[in-house]
Amino acid sequence: MTLKIYNVLTRKKEEFVPLVEGRVNMYVCGPTVYDYSHVGHAKTYGNFDVIVRWLRYLGYDVLYVQNITDVGHMLDTGEDRVLKKARQLSAEPMQIVETYMRQYFADMDALGIQRPDISPRASGHVPEQIEMIEELIAKGHAYEVNGSVYFDVTSFPEYGKLSGRVLEDQEEGSREAVRTEKRHPADFALWKKADPEHILHWPSPWGEGYPGWHIECSAMATKYLGPTFDIHGGGIDNIFPHNECEIAQSEAANDEPLARYWMLVGSLTLDGVKMSKSLGNTLTVREALERWPAEAIRTFILSSHYSSPIDFSDEAVEAARKGWQRIWSAVVLVREQLRRAPEGEISDEVDVLVDATKAAFTEKMNDDFNAPAALAVLQDFTRQVNTLLNEQGPQTSGSLAAIDQLYRELGGDVLGIIPDEAEMGADAEREEGLIRLLIELRAQARAQKDWATSDRIRDQLRELGVVLEDRPDGTIWKFE
RNA sequence: GGCGACGUGGCCAAGUGGUAAGGCAGAGGUCUGCAAAACCUUUAUCACCGGUUCGAAUCCGGUCGUCGCCUCCA
């Protein structure tokens, strides 16, 4: 069974063949760190998180690079995003960058998104960027004007091959000052001369200045992954001009294809409207996490294919949360029963079920990382597990362990929606002991048909976020 | 105007040639001291029109509609 990936470059689903057997070099465009990350970031990096997890599950040795943009990303007013924020807060630009970069990692951590192997920062790779720009000038792909350097798009005939845009169709940009310097309206900045008030700047062969936005990705990808690597990812909204410019720069400088497979994820809208900094309708990851568990947000993100756009709304996330809860409840039940299960080998029935589930799940994920279909496999599995536990007496420890293991692998390691253990505080053991004690007392009350006491314990625990469920074989509990 | 997606049951969403996965919501039922959970049953011919084919949600053409990008955004 082989992995297939939809390659945006060829607009076809292709069999994945890495450059070096067993190894995957991968680059994903990262965020500009000048504000809190929002749920759009959660989708993009959550999607790639599962993609990387699946590649690793398949046994690939993955090197995952995701940049941090901390300089050069301009607003349409020509201002640097970071500098603008710094001025607003009367802070050092690098202070802003540091603050939001830490916050970005904290937010992604909270969502269970595994960190990239390398998170290179643009400001830390200025020499590499200058070097690439010099190479481009030397090869006739770039030219200098008044201390700024622009890429000459007419020198790269394949410009537009990713996004399908043709140069002649492009309308001219609106930045008058910039436009007059450029030979062609579609030419883009590799290096910008620093204005006197622009406090973030570096010396270069063309005077004091700073790198353009696109060049960082080309320079850093080349540095860490080589001139050609396996997968380049990012959000579909960056297909033009950013990704297109990356290809032009890298391929013009290195004389080699930049990436073999391009994977772009669909955008996220909020209540039907595209979330954007300029519109101000953003929902931050921290805000979302105050309302839903990380696993529920992940489940929502994974409930449609990575390449599709999704609409974030209370109802949609809530529906996903309930769907996730169903799976999680089954996991809790399995683990609870495992504590006191009779020793024994795995039953034939469970053995077959687990194998079939794994095979179905693998088939879906290998088909261009079809997480929603894989999730459905897990839902199907859950229904069968519930039936088994409810209607067929106690299962052996071998069977329960196999079921638990499958949840850990597919639900935990791959999809990241099944925690290893229920999240508990520092006094976890004491807390669990207290809950079990209360359950025991309640069992005594129930035996004496003292429903008042019994219900009081259940109701008050519920208020504390502990849900009790009475089953024929005893009471189980879980956090809400 | 150009480029690119998309339009599947009440909602979300898989499925890209052989008579429609899954989740949520709804209805009925089983179980239960009650509750919760779970399980069972139940709701679609795939925007519309035309074409190709023995056969299409799935391919081709057209119509209508939604969205993204073309300017900062993951």
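The values are calculated or read from the model by the stated rules, or taken from the named source; none is laboratory data. Values in this document were obtained by computation on a predicted structure and should not be read as measured data. No Cβ is skipped: glycine too gets one built from the backbone with ideal geometry, and neighbour counts run over all protein chains shown. Heads up: the accessible areas ignore ligands, DNA and RNA and are worked out on the full protein's heavy atoms, side chains in. Shrake-Rupley method; radii C 1.70, N 1.55, O 1.52, S 1.80 Å.
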Suppose we keep only residues that are under 27 Å from A:E14 (Cα atoms) and within 14 Å of RNA strand B (Cβ to nearest atom) within segment A:336-358. Which one would you say is most open to solvent (accessible area, probe 1.4 Å)?
A:A356
Of the criteria (1) under 30 Å from A:I297 (Cα atoms); (2) open to solvent by 20 Å² or more (accessible area, probe 1.4 Å); (3) part of a helix (DSSP H, G or I), which one A:Y224 fails:
(1)
So which residues in segment A:240-261 are over 20 Å from A:V17 (Cα atoms) and open to solvent by less than 20 Å² (accessible area, probe 1.4 Å), if there are any at all?
A:H242, A:N243, A:E244, A:C245, A:E246, A:I247, A:A248, A:Q249, A:S250, A:A252, A:A253
Looking only at segment A:393-400, decide whether some residue is in a loop (DSSP other than H, G, I, E, B) and either within 7 Å of RNA strand B (Cβ to nearest atom) or aromatic (F, W, Y) (or both).
no
Unmet criterion (only one of (1) surrounded by fewer than 20 Cβ atoms within 10 Å (Cβ to Cβ); (2) under 30 Å from A:V97 (Cα atoms); (3) among the charged types (D, E, K, R)) for A:D49
(1)
Out of all the residues in segment A:257-274, which are within 12 Å of RNA strand B (Cβ to nearest atom) and charged (D, E, K, R)?
A:D271, A:K274
Is there a residue being assigned to a loop (DSSP other than H, G, I, E, B), within 14 Å of RNA strand B (Cβ to nearest atom), touching a residue at least 60 places away in the same chain (Cβ under 8 Å) and not assigned by TED's automatic domain parsing to the domain that holds A:I113 anywhere in segment A:432-452?
no
Given the condition among the polar types (S, T, N, Q), at pLDDT 95 or above and either outside the structural domain of A:A122 (by TED's automatic domain parsing) or not in a helix (DSSP H, G or I) (or both), answer yes or no: does some residue in segment A:39-61 qualify?
no
For segment A:262-274, give me the residue count where each residue is open to solvent by 10 Å² or more (accessible area, probe 1.4 Å) and part of a loop (DSSP other than H, G, I, E, B).
3
Those residues that are over 16 Å from A:N146 (Cβ atoms) and touching a Leu at 6+ places or on another chain (Cβ under 6 Å), I need them from segment A:201-221; list them, please.
A:I215
In segment A:102-113, is there at least one residue being within 22 Å of A:P205 (Cα to Cα) and assigned by TED's automatic domain parsing to the domain that holds A:D255?
no
Criterion: open to solvent by less than 70 Å² (accessible area, probe 1.4 Å) and under 38 Å from the mean Cα position of the chain (by Cα) - qualifying residue of A:R462, A:R442, A:R436, A:R430:
A:R436
Being free of Cβ contacts under 8 Å to residues at least 40 places away in the same chain and open to solvent by 20 Å² or more (accessible area, probe 1.4 Å) is the filter here; which residues of segment A:316-330 pass it?
A:A316, A:E318, A:A319, A:R321, A:K322, A:Q325
Among residues of segment A:293-306, those that are within 15 Å of A:R326 (Cβ to Cβ), assigned to a loop (DSSP other than H, G, I, E, B) and within 14 Å of RNA strand B (Cβ to nearest atom), counted
1
Scanning segment A:227-238 for residues that are open to solvent by 20 Å² or more (accessible area, probe 1.4 Å) and within 12 Å of RNA strand B (Cβ to nearest atom), which turns out nearest to A:V8 (Cα to Cα)?
A:I236
Out of A:L55, A:L111, A:L89, A:L63, which single residue is more than 13 Å from RNA strand B (Cβ to nearest atom), open to solvent by 60 Å² or more (accessible area, probe 1.4 Å) and among the hydrophobic types (A, V, I, L, M, F, W, C)?
A:L89
What number of residues within segment A:204-218 are acidic (D, E) and within 11 Å of RNA strand B (Cβ to nearest atom)?
1
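Every residue, every condition in (1) among the polar types (S, T, N, Q); (2) touching a Phe, Trp or Tyr at 6+ places or on another chain (Cβ under 9 Å); (3) in a loop (DSSP other than H, G, I, E, B); (4) under 22 Å from A:K478 (Cα atoms), yes or no:
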site	(1), (2), (3), (4)
A:V331	no, yes, no, yes
A:D355	no, no, no, no
A:A374	no, yes, no, no
A:V377	no, yes, no, no
A:Q384	yes, no, no, yes
A:T387	yes, no, no, yes
A:N390	yes, no, no, yes
Of these, A:L333, A:L375, which one is under 25 Å from the mean Cα position of the chain (by Cα) and either open to solvent by 30 Å² or more (accessible area, probe 1.4 Å) or within 13 Å of RNA strand B (Cβ to nearest atom) (or both)?
A:L375
I'm checking my understanding of the structure. Among residues of segment A:275-290 that are free of Cβ contacts under 8 Å to residues at least 24 places away in the same chain and open to solvent by 90 Å² or more (accessible area, probe 1.4 Å), which one is nearest to RNA strand B (Cβ to nearest atom)?
A:S278
